[in-house]
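Notes follow the structure.
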Amino acid sequence: MRRFAVVLALFAATAPSALAAGRLHVVLTGQDHHPKVGAKWHYEVRVTDAKTHEPVACRIHLQFLFGSIPIAQIGTHVVKNGVWAETFGTPGNPAFPAAARGQRVTIQAVATAKGYTKGTATWWVLPR
């Protein structure tokens, strides 16, 4: 038992601690929860240090979920100022299709940055 305690102490001293990592605060907001099919719809992701509230340079992965199942990738974006904003229904970003009408889905943003534990935010939409 004593040998186990020594090994555990050595491991704890050399392994990077998740407790020492900072926390990311991720906020995802959309124009509204009921986008019109075929129309423009804007959303924004803001990532800050949970303690200092300062913007954090990070990587943001965005995807659509149906329940908890990923159904479509929106993209992965690297931001220097902690903010990603985009509008669906503009060139290069298709609007919500007619098949999405009445289907509640969730947009999920997962932010990662060196020295931080990952942060996640969601925003549900029900296209009309």
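Using the Cβ-Cβ distance between VAL78 and ARG128 with R0 set to 35 Å, the FRET efficiency works out to roughly 0.60. Computed from the C-alpha gyration tensor, the three semi-axes of the ellipsoid equivalent to the stretch 20-125 are 26, 14, 11 Å, from longest to shortest.
So if each residue of separation counts as 0.36 nm, and I subtract the Cα-Cα distance between ILE69 and ASP32, what length gain in nm does that give?
11.1 nm
Taking the square roots of five times each eigenvalue of the Cα gyration tensor of the stretch 83-128, the equivalent ellipsoid has semi-axes of 27, 15, 6 Å, listed largest first. Modelled this way, with points 7 Å down the Cα-to-C-beta line, the labels at GLU86 and ARG23 are 2.8 nm from one another.
In order along the stretch 89-94, phi translates into HN-Hα couplings of x, 10, x, x, 10, x Hz, rounded to whole numbers, per the Karplus curve 6.51 cos²θ - 1.76 cosθ + 1.60 with θ = phi - 60° and x for Gly and Pro. Using only the Cα atoms of the stretch 33-79, build the gyration tensor, take square roots of its eigenvalues as a ≥ b ≥ c, and label the shape rounded, prolate or oblate: rounded if a/c is under 1.5, else prolate if a/b is larger than b/c, else oblate. Cα axes put the stretch 33-79 in the prolate bin.
Rule-based calculations on the coordinates, nothing more; no lab input. Since the structure is predicted, the reported quantities are computational estimates derived from the model, not experimental observations. No Cβ is skipped: glycine too gets one built from the backbone with ideal geometry, and neighbour counts run over all protein chains shown.
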